[in-house]
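Peer 1: Below you'll find the structure I mean.
Since every read-out is calculated from the coordinates, none of them should be taken as a lab result. Every value quoted in this text rests on a predicted model; they were computed, and no experiment measured them. Cβ: placed from backbone, ideal geometry, glycine included. Neighbour counts: every protein chain shown.
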Amino acid sequence: MKGTSSPRWVRIFTYLGVTLLILSGLVVIGVSVLQERYEGSVVTADLFGDSDDFAPLTAATAKPEYGHTRTLASESVDIDGPLDLLLVGIDPRPNEPARPPLADAIMVLHIEDSHKRAYLFSLPRDLIVDIPAFAKAGFNGSTEKLNAAMSHGSRVPDTGGIDNAQGFQLLARTVVERTGIPRFEAGAIINFTGFEAVVDELGGVDMYVDERTLSIHRAPNGTLRPGYGPQKAYEVGEQHMNGWEALDFVRQRKSLARGDYARQRHQKQFLKAVLTQATDSGLVTDPLRLDRVLRAAGESLTFAGRGHGLTDYLLALRNLRPDDLTTIQLPGASVGQGVTYRGEQLLPAADDFFAAVAEDRIAAYLAVHPELVS
């Protein structure tokens, strides 16, 4: 297969697709060949409020102490310069359509100016932050957990409805103000509902479970738990997981020693597992199965590229390889314990790391702080 160009492109697009969609385990493969068929299945929306006065921060208005030196990518030119993508996973409940979404997973993908190296890090969903006022949703601002920002921002006062894209706008502004990252060039909302079918189409995934994990959602046979009774257990060691098992596993945090930090670790491990399965399972040689995987992925993704489509980003980042991705674990600690628990806080080293992201000098920073590499 080395002699053909197809596998190389598949690996490139698989890598970027999995990175974009890791929050729900979805994978986009072979977009270079099938872009016309599948780009239309991806929902696009204004995730940053570019169409109104809720505009994203720019280098001129972002926190000055970070001393931004980079040029922001333009909407009207080719995709160039360092890029930051905000990736948010939600877990909607079909039986509660009026329930505002909570951001179950929040990740930032930073691509260096050369587009040859990428870094992926998670922000704790329970991170205590200042959520700014958002008049569009009738929200006056508050200090609380980060995942609430999307919930507050999603409310549509005039109709009483829920708008996930509007909620993403407030979450993005909150992340920008907390991290000092001047701007997100693209963003995605990933819906967990398409997760199981995609993983099953891949034939499941193989993962090494590094910590015994008990499910609060599922019984041992996979049925939903009512909140009590036997729990599905993921034992330490090599495990083959089907769709519902993989989704359930990466959602767990309450039975883990480090809670959400451990869940973030499992999500990153899962990225590698899905990537391996997608490239090694022969999916690209099975057009019917590939078609089903791509359609399920597209239907579960809402994307905003600020003037560029998802395929544009895949092409711009075509030189990335799986080994070019570094995953980061931000240092943090709990605020309170037990009944006094309020949420999570980041340690000072995290703010130094954010400054390195804003200035596109992560490689140099990690050379001095290798302990952040997970």
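Peer 1: Can you sort Val236, Val335, Val108, Val250 from fewest to most other Cβ atoms within 10 Å of each residue's own Cβ?
Peer 2: Result, fewest neighbours first: Val236, Val335, Val108, Val250.
Peer 1: What does the extension gain come out to for Val368 and Asp130, with contour length at 0.36 nm per residue minus their alpha carbon separation?
Peer 2: 82.7 nm
Peer 1: Report the FRET efficiency, 1/(1 + (r/R0)^6), for Thr143 and Asp206, where r is their Cβ-Cβ distance and R0 is 41 Å, rounded to 0.05.
Peer 2: Calculated value: 0.45.
Peer 1: Would you calculate the separation in nanometres between label points at Asp351 and Ala219, each defined as 7 Å from the Cα along the Cα-to-beta-carbon direction?
Peer 2: In this crude spin-label approximation the distance works out to 5.0 nm.
Peer 1: Where Lys and Arg each count +1 and Asp and Glu each count -1, what net charge lies around Pro124 among other residues with Cβ under 9 Å from its Cβ?
Peer 2: Once all neighbours under 9 Å are counted, the net charge is -1.
Peer 1: Within a Cβ distance under 13 Å of Leu256, other residues only, what is the Lys/Arg minus Asp/Glu net charge?
Peer 2: Once all neighbours under 13 Å are counted, the net charge is +4.
Peer 1: How many nm is it between the label spots at Tyr341 and Asp324, if each spot is 7 Å from the Cα in line with the beta carbon?
Peer 2: Going by the 7 Å Cα→Cβ label model, 3.9 nm.
Peer 1: What list do you get for Leu247, Leu214, Leu171 if you sort them by fewest beta carbons within 10 Å?
Peer 2: Listed from fewest to most nearby Cβ atoms, that is Leu214, Leu247, Leu171.
Peer 1: Continuing with this model, one more query. How would the stretch 78-217 be classified by its alpha-carbon gyration tensor: rounded, prolate or oblate, with rounded meaning a/c under 1.5 and the a/b versus b/c comparison settling the rest?
Peer 2: Because a/c hits 1.5 or more and a/b fails to exceed b/c, the stretch 78-217 counts as oblate.
Peer 1: If each residue's Cβ is checked for other Cβ atoms within 10 Å, how do Met207, Met150, Met241 rank with the fewest at the top?
Peer 2: Taking fewest neighbouring Cβ atoms as first place, the list is Met241, Met207, Met150.
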